[in-house]
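Scroll down for the structure; my scribbles are underneath it.
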Amino acid sequence: MKKLSILFLSVICIFALASCNDFLDMRSTNSIDTDGSITTVTDADVAINGLVREMLSASLYGKNVFLYADAKGGDFAVVSSGRGNDVLYTFEHSASSGSYSDYWNVGFKCITQINDVLSSIAKVEAGGSLEDFSYEKGQLYTYRAMIYYDLVRMYGKDYAYDKSALAVPLVTEALASDAKPSRATVEEIYTQIVSDLTTGAGLIGKTMKNGFANYWSNRAIMARVDMSMQQYADALKICQEIIASKKFSLYSNDDWVSSWSKQFGSESILELTVNDTEADLVKSSLGITTARKGDYSKMAPGYFVASDFWLKRMKEDPTDIRWGVMSYDEISKTRMGACYKYLGGVTMKGDGKASGTAVNIKLIRLSEIYLIAAEAAFRTGNKSAANGAAYYLNQIRKRSPLLNKTPIDETTVTLDLILSEKSKELFGEGQRYWDMIRCNQTIFYNDDIEGGEGKLSHPGRPTYVNPVTKEEYSSIDRTYPKAILPISEGNIITDGNLVQNPGY
């Protein structure tokens, strides 16, 4: 395999993500060395299998990407400090402590692997191969765009707020061993993301293969990107294309809860496979992380529970079918703050495999597409209950039978209603923070959670006093310096061209 940048290799060694040899040799039962070993489509597919397995690391889509957005977005709260991952909630990041550098390290490990495979395919094609690598290349471009989209939001400012701010290095080809890439701007990263998704869409094809990206998931990611770039008409057009394709269908109220105990349901636009013997994170799995402390063979650490704010939204309708994946948390047997989506539901039987924690990761569901369409239509001025914002919102709001007795119409639809519904529907699925930052909303934190250990420390986070109730909350918006992560000290030491984010 090609030599990797000192930046990525050394940081992996420093932080013990894996041994240096392990990092250089990413082969497993479903991966392949890319240095001359990819000569056929089958070889490329094996390499992609290994890539997807790496993407399912706890540091990325296996868990932490989800925790990041729900903890920072205020939908999660911390009952007791010091259990682990509470830094995601308190924002007590620094370059030397709590930097969460694994997002960067594992993200770039995957990007490096993608670049190597694309380079190997290009050499095979240049050598006159008659095999068609279009689908494989389409996947790789799509995955690279998806990873970059998460990295640019973690390390760079919101696109609409300051697209000239520094983000992460832009690496699209194999690096020399002495390369020390500097950080590209937010705009430059988004330009590459759009390019990769556009290229990928033209290659990947519309045939769906379970566990892997396809044309529709490529377009769904593009809809997310368009919303970040405030290209609302483009986002709406993509959502309408996905919905009109009839490749996917919304779960009925009777099927929504049980959908979490099944693989590749009718809403799954991108769902990555977690197997019993491969990618099952067990004690570190997403399902264990959001369950009640001590549940599932006493494994659950009790990192997070639903915040009082999220529960208040849900309590607008006690008959909301989405209560079906919630159970009581450690605070009280009446407080339904533990989420069991990623254990297959409250029965904790998983999604059909031997292990209840080996549950597939549902990265993009059709429900999200309807909610993106609702906001995009609202932003472009179409609030109609027949074909606009109110229509798309009502399709998801049906999951609240009592509330739905009075459907939303063009006179009552608001951005707050859309964001509230999105919070309810996608709880635990890693979207809330990005929506709040993108929409320039103030985020409030449930530091004094009812029944918790007391007011949680949050040094430096501003305090908000409710003018009516006089309750105090900490809060941030996208101008808060620590709204993005620091560049870790190890990365900066290794690569002298990296500039630290302001405020660290």
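The values are calculated or read from the model by the stated rules, or taken from the named source; none is laboratory data. A quick note: this is a predicted structure, and the numbers were derived from the prediction, not measured. FYI the Cβ positions are ideal-geometry reconstructions off the backbone, even for glycines, and counts take in every protein chain you see.
Select from the stretch 452-504 the residues that are surrounded by 14 or more Cβ atoms within 10 Å (Cβ to Cβ), of a type in the set (Gly, Ala, Ser) and over 26 Å from the mean Cα position of the chain (by Cα) and list them in ascending order.
The one that is surrounded by 14 or more Cβ atoms within 10 Å (Cβ to Cβ), of a type in the set (Gly, Ala, Ser) and over 26 Å from the mean Cα position of the chain (by Cα): Gly452.
Test of understanding: among Gly82, Gly74, which residue is within 16 Å of the chain's Cα centre (by Cα) and either under 24 Å from Val499 (Cα atoms) or part of a loop (DSSP other than H, G, I, E, B) (or both)?
Result of the check over Gly82, Gly74: Gly74.
So, of the residues in the stretch 64-84 that are within 19 Å of Met336 (Cβ to Cβ) and β-branched (Val, Ile, Thr), which turns out to be surrounded by the most Cβ atoms within 10 Å (Cβ to Cβ)?
Looking at residues that are within 19 Å of Met336 (Cβ to Cβ) and β-branched (Val, Ile, Thr), I get Val78.
State all residues of the stretch 164-178 that are out of contact with any strand residue (DSSP E or B) (no Cβ under 8 Å at 6 or more places or on another chain) and modelled with pLDDT of 95 or more; if no residue qualifies, say none.
Val168, Pro169, Leu170, Val171, Thr172
Scan the stretch 394-431 residue by residue and report those that are acidic (Asp, Glu), within 13 Å of Arg313 (Cβ to Cβ) and touching a residue at least 40 places away in the same chain (Cβ under 8 Å).
Glu421, Glu425
Name every residue in the stretch 295-344 that is touching a Phe, Trp or Tyr at 6+ places or on another chain (Cβ under 9 Å), part of a loop (DSSP other than H, G, I, E, B) and among the basic types (Lys, Arg), in order of residue number.
Arg335
Which of the residues belonging to the stretch 76-119 are in contact with a Leu (Cβ under 7 Å, 6 or more places away or on another chain), aliphatic (A, V, I, L, M) and more than 30 Å from Gly294 (Cβ to Cβ)?
Within the stretch 76-119, Ile114, Val117, Leu118 qualify.
In the stretch 227-239, what residues are within 22 Å of the chain's Cα centre (by Cα) and either in contact (Cβ under 8 Å) with a residue 40 or more places away in the chain or under 15 Å from Arg399 (Cα atoms) (or both)?
Met227, Ser228, Met229, Gln230, Tyr232, Ala235, Leu236, Cys239
Among the candidates Lys123, Lys137, Lys157, Lys109, which residue alone is buried (at least 21 other Cβ atoms within 10 Å of the Cβ) and over 27 Å from Thr494 (Cβ atoms)?
Lys137
Is there a residue being touching a Lys or Arg at 6+ places or on another chain (Cβ under 6 Å), surrounded by 16 or more Cβ atoms within 10 Å (Cβ to Cβ) and within 19 Å of Phe66 (Cα to Cα) anywhere in the stretch 215-225?
So far as the stretch 215-225 goes, no, none of its residues is touching a Lys or Arg at 6+ places or on another chain (Cβ under 6 Å), surrounded by 16 or more Cβ atoms within 10 Å (Cβ to Cβ) and within 19 Å of Phe66 (Cα to Cα).
Taking the stated definitions as given, is Tyr445 under 27 Å from Glu330 (Cα atoms), buried (at least 19 other Cβ atoms within 10 Å of the Cβ), in contact with a helix residue (DSSP H, G or I) (Cβ under 8 Å, 6 or more places away or on another chain) and of a type in the set (Ser, Thr, Tyr)?
yes
Find the strands (runs of 3 or more DSSP E) located wholly in the stretch 401-493 whose residues include 3 or more that are closer than 23 Å to Val79 by Cβ, and list them.
443-445, 472-476
What number of residues within the stretch 164-203 satisfy the criterion of being buried (at least 20 other Cβ atoms within 10 Å of the Cβ) and among the basic types (Lys, Arg)?
Of the residues in the stretch 164-203, 1 are buried (at least 20 other Cβ atoms within 10 Å of the Cβ) and among the basic types (Lys, Arg).
With the condition kept exactly as written, say whether any residue in the stretch 362-383 is part of a loop (DSSP other than H, G, I, E, B) and crowded, with 23+ Cβ neighbours inside 10 Å.
Within the stretch 362-383, none of the residues are part of a loop (DSSP other than H, G, I, E, B) and crowded, with 23+ Cβ neighbours inside 10 Å.
Among (1) touching an Asp or Glu at 6+ places or on another chain (Cβ under 6 Å); (2) more than 30 Å from Gln395 (Cβ to Cβ); (3) not aliphatic (A, V, I, L, M), which single condition is Thr442 missing?
Only one criterion is unmet by Thr442, namely (2).
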